[in-house]
Every structure is written in structure tokens, then in C-alpha cells.
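Asker: Let me begin by handing over the structure; questions about it come next.
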Amino acid sequence: MHTALIGLQWGDEGKGKLIDCLSNSFDGVCRYQGGANAGHTIIFKGNKISLHLIPGGIFHPDKVCIIGNGTVIDIKQLEREIKELRKMSIEFDDRLFISKRAHIIQPEHFITENKIKKEIGTTGRGIGPAYADKSTRKGIRMGDIFSVKYLKDRGTSKDFIETLLRFREDYGHFITDTVELIHRFSEEKKKILFEGAQGVMLDIDFGTYPFVTSSNPSPGGILSGTGTSPFSISRIIGVAKTYTTRVGNGPFPSEMNQKMQERIREKGREYGATTGRPRKCGWMDLVALKYAIQITGATELALSKIDTLDGMHQVKIVKEYQLDGKISDRFPSEVWKFKDIKPIYTSLPGWNNTRGIHKKKELPKKALEYINYIEDFVGIEASMISNGQKRGDLIIG
Ligand code: IMP
């Protein structure tokens, strides 16, 4: 049976490190949505590399890495990543698989993105226009690069056809029917870790629309983005930071005051891995978190960056919203309502130091109380707590 790891906030929950730590327990890692708008930086043997498309499992020599049909692929970015990994002597010719059905980001997509880029604060990676073309049946897919006639018939420009053919020559062997591959894996009882990009609050259906990405990071995206059976996933790990961050525009009810944001941003290195933009910082928002847990059906929580909150006098948590004079524990679906929302906070005492701890029960009492408060509120347990940047900075169980 397979496992999914899904962000429960507005992306950047620290999924990359967890994928890296968890990869050893799986046979393969699979991306199912999004494109090079996602990104995580990994330090491997002293070299720093940012991956945007290739799953983090690539650093584990025996793990299969799959880029599923629900993703949108910028082939130039993919080529950059392949080259960088090869420079690091990582071999993956027989274990990286790209879906024939994944859509290709075309040069026009970067141009048409300009307008939404400003309004929504997108990453500028052509994601929205590529998904729009997919929906209006104007897209081209990875498998199509094997027929020049088909590409021409679809009106693909001569220049871009040449780019695609160069890609095909060097990297065409990575392109395959990943649906078949995933089903073969399932039959052989091999385990896949489905790696979500972004997070539920950026989901095109369930997030703060229109300030969202153009795909479904939530579990529905795994089914449509890989072709796996709904019955093949038995474990869903929901990942949340112990506070909240957001890049781009749109509602962010638990946003901290500027001084506190600066403190958290510097301590937590809260700058976008893809765009370098400073992330807005907020307190843990349990209304949003509970909603995201409902949507994902998360069976357990992974909480990241508890160490960033070390040394605070007190930590705040949003537990309800006030809207039109009424108290509510529901996350509104209408974006225009957010301007009138007043978050209701509760404060808990802070703690000093969570670094170097490997067992949950050895955490400072107040840090544990904070985690217990979150667990009680959302009704699932934190099975993993990350307390530092390194692989080993992880409390399990
Ligand atoms: P797009 O996905 O580039 O279209 O951007 C849409 C929104 O999602 C913008 O607010 C982006 O900042 C946000 N976004 C997209 N990818 C990520 C991510 O990996 N982490 C955090 N925010 C993201």
C-alpha cells in the first residue's frame, strides 16, 4: 500500500526534508501535480541543489522516481536538474520515469502568465496557462514529442519543435507510461510515497480561490495525477509548520505583526525556494488546519520547524474566526469574506530549546503542551516533529 505526504497550509511546510527522511522506507517517490513552481533545496555530500520537478527520492540510489501525468513540465528546467544531478555523479537512467501524459509548458505560457502573475503573485513558471490549455484541450503532452507530424498539426512552433526534439534525443528514454508502472508496482506490493507540491490552502478547488495554484495538491490530485487506485493509499501524512507562512497574494488570517514576522522569517529562513521572495509569516491557524485535515483525510500529522519558535515568551494560536459579529470554526469558501475576519487567538507559554532532541516525551514541557494542544484540536497525532535543518533533526513517534 502507498503513502501520501501532503502540505496542509499554503505550501513550504517542509515537505522536502521529510520526503528525504522517509524515502528509505519506500520503493519509489512520485510527484502528482504542479510543476517547477515547487522547489526544495537539498544539501547532498556538501553540494547544494534545488529540485523543482524531480522528486527528492533521487538522492537514494535504489529508489524509483516518477513524475506523474498530473504535473506540468518545463523541459528546460527538467534538463537543468538532470544535468546538475549528473554533475553530482548521481545515476538515475533506469529509475527516473516521466509520464507520457504529463503536459508540457510551452513558451507562450510564460508570456500569458504576466497578467495573473501580478494579481495572484504567481511564481512565474507558466503553471496556470499550461493547466488552462490542458483544460481547453490545447495542450501537448510528453508522449507527443515522438511525433513531429502531430506536433505540427497541433500548431506547435518550429522553434519549439526543435527544442522538443533535442530534449527527446537526450532524455526521451525517461518518458514512459507511468500508469502502467505504478500499477505494476502495486501488484508487486512495492510502496510508493506520493509527494504533494504546494498545499491544501493553495488547492484550486479547496484553497483561497483565486489566490491558489492551478492544480489539486489534495488527495484527489493523486488519483487524477497518477492513475493509482483510491484503494491503494492507506496512509496520509499531513504536513504543517508549527506556525504558518504564505508567499504570493491572498488571504492570510493569522498574519503576525511586522516585527514578529521579521523575527520568524530570519530565524526560519523563510524565503521562497523557487523565487527567493520573503514569505509572510503567521501564527498556527487551527481553523485552516482542521479544514485541511478534513479535505485530506490525513491520518497523522508531521509538524515542522518547532525550533524556529524556540525562545519565544509566548506562542499564539488561532482557534476561531469572528465574522459579522459571530464566532465560527469554519474556513470560509468566499475570498471576499476574509477582509472582515477577525482571528480569535489563544496564547500558550513559550519554551527555550528543542534542538538535538530525538524523543517527543523529551521535548520541553511547554513545547509538548503546544503540540498536544494542536493534536487535541485537530484530532490526529503528530507522528513526526522536525526540529532543525539536518536529516537527523527529526523526532519520530
Ligand atoms: P503558481 O502556482 O505559480 O501559479 O502560483 C499561484 C500561487 O501559489 C502563488 O501565490 C504562489 O506564490 C503560490 N505557490 C505556488 N507554488 C508554491 C510553492 O511551492 N510554495 C508556496 N507557494 C507556492
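The values are calculated or read from the model by the stated rules, or taken from the named source; none is laboratory data. Every value quoted in this text rests on a predicted model; they were computed, and no experiment measured them. Cβ atoms come from the backbone with ideal geometry, glycine included; neighbour counts cover every protein chain shown. Please note that ligands, DNA and RNA were not included when accessible areas were found on the heavy atoms of the full protein model with its side chains. Shrake-Rupley method; radii C 1.70, N 1.55, O 1.52, S 1.80 Å.
Asker: Going residue by residue through the range 299-313, is there one that turns out to be β-branched (Val, Ile, Thr), farther than 12 Å from PRO253 by Cβ and open to solvent by 70 Å² or more (accessible area, probe 1.4 Å)?
Answerer: Residues of the range 299-313 that are β-branched (Val, Ile, Thr), as a first pass: 299, 306, 308.
Then drop every residue that is not farther than 12 Å from PRO253 by Cβ, which leaves 299, 306, 308.
Filter once more, so that each one left must be open to solvent by 70 Å² or more (accessible area, probe 1.4 Å): 299.
Scanning the range 299-313, I find at least one residue that is β-branched (Val, Ile, Thr), farther than 12 Å from PRO253 by Cβ and open to solvent by 70 Å² or more (accessible area, probe 1.4 Å), so the answer is yes.
Asker: Test ILE82 against the criterion of being in contact with a helix residue (DSSP H, G or I) (Cβ under 7 Å, 6 or more places away or on another chain) and within 30 Å of LYS280 (Cα to Cα), and give yes or no.
Answerer: Values: in contact with a helix residue (DSSP H, G or I) (Cβ under 7 Å, 6 or more places away or on another chain): yes; within 30 Å of LYS280 (Cα to Cα): no.
Spelling it out, it is not the case that ILE82 is in contact with a helix residue (DSSP H, G or I) (Cβ under 7 Å, 6 or more places away or on another chain) and within 30 Å of LYS280 (Cα to Cα).
Asker: Of the residues that make up the range 163-179, is at least one farther than 26 Å from GLU79 by Cβ and out of contact with any Pro (no Cβ under 8 Å at 6 or more places or on another chain)?
Answerer: Looking for residues that are farther than 26 Å from GLU79 by Cβ and out of contact with any Pro (no Cβ under 8 Å at 6 or more places or on another chain), one finds none in the range 163-179, hence no.
Asker: When you scan the range 43-61, how many residues do you find that are in a loop (DSSP other than H, G, I, E, B), open to solvent by less than 10 Å² (accessible area, probe 1.4 Å) and closer than 18 Å to GLY272 by Cβ?
Answerer: Total satisfying the criteria: 1.
Asker: So, in the range 239-248, of the ones that are within 14 Å of the ligand (Cβ to nearest atom) and either closer than 14 Å to ARG269 by Cα or modelled with pLDDT of 95 or more (or both), which residue ends up surrounded by the fewest Cβ atoms within 10 Å (Cβ to Cβ)?
Answerer: Looking at the filtered set, the residue picked out is VAL247.
Asker: A further question on this structure: Considering each of PRO349, PRO343, PRO332 in turn, give the residue that is over 28 Å from the mean Cα position of the chain (by Cα) and on the phi < 0 side of the Ramachandran plot.
Answerer: Checking each option against the conditions leaves just PRO349.
Asker: Quick check on this structure: which one of ASP324, ASP307 is over 25 Å from the mean Cα position of the chain (by Cα) and acidic (Asp, Glu)? Step through it out loud before you land on a result.
Answerer: On the way: ASP307 fails: over 25 Å from the mean Cα position of the chain (by Cα).
Testing whether each residue is over 25 Å from the mean Cα position of the chain (by Cα) and acidic (Asp, Glu) leaves just ASP324.
Asker: Separate question: Away from the ligand (no atom under 15 Å from the Cβ), in contact (Cβ under 8 Å) with a residue 24 or more places away in the chain, closer than 30 Å to ILE306 by Cα and assigned by TED's automatic domain parsing to the domain that holds LEU193 - does that describe any residue in the range 65-79?
Answerer: yes
Asker: Hey, among the residues in the range 249-271 that are open to solvent by 10 Å² or more (accessible area, probe 1.4 Å) and closer than 11 Å to ASP12 by Cβ, which one's nearest to the ligand (Cβ to nearest atom)?
Answerer: That would be TYR271.
Asker: Another question about this same structure. So LEU151 clears everything in (1) in the same structural domain as GLU13 (by TED's automatic domain parsing); (2) in contact (Cβ under 8 Å) with a residue 12 or more places away in the chain; (3) not hydroxyl-bearing (Ser, Thr, Tyr) except one condition, right? Which one?
Answerer: (1)
Asker: Which condition breaks for ARG355 when tested against (1) crowded, with 18+ Cβ neighbours inside 10 Å; (2) assigned to a loop (DSSP other than H, G, I, E, B)?
Answerer: Failed condition: (1).
Asker: Which residues, counting only those in the range 198-238, are within 14 Å of the ligand (Cβ to nearest atom), open to solvent by less than 40 Å² (accessible area, probe 1.4 Å) and not small (Gly, Ala, Ser)?
Answerer: GLN198, VAL200, MET201, LEU202, ASP203, THR208, VAL212, THR213, PRO217
Asker: Take the range 36-69 and flag every residue that is at pLDDT 90 or above and over 20 Å from ARG95 (Cβ atoms).
Answerer: Within the range 36-69, ALA36, ASN37, ALA38 meet the criteria.
Asker: Just to be sure before I move on: is CYS21 within 17 Å of the chain's Cα centre (by Cα) and farther than 27 Å from ALA132 by Cα in the structure I sent?
Answerer: yes
Asker: To continue, here is another question. Report, by residue number, each residue of the range 358-397 that is surrounded by fewer than 15 Cβ atoms within 10 Å (Cβ to Cβ) and of a type in the set (Gly, Ala, Ser).
Answerer: Across the range 358-397, the qualifying residues are GLY379, GLY392, GLY397.
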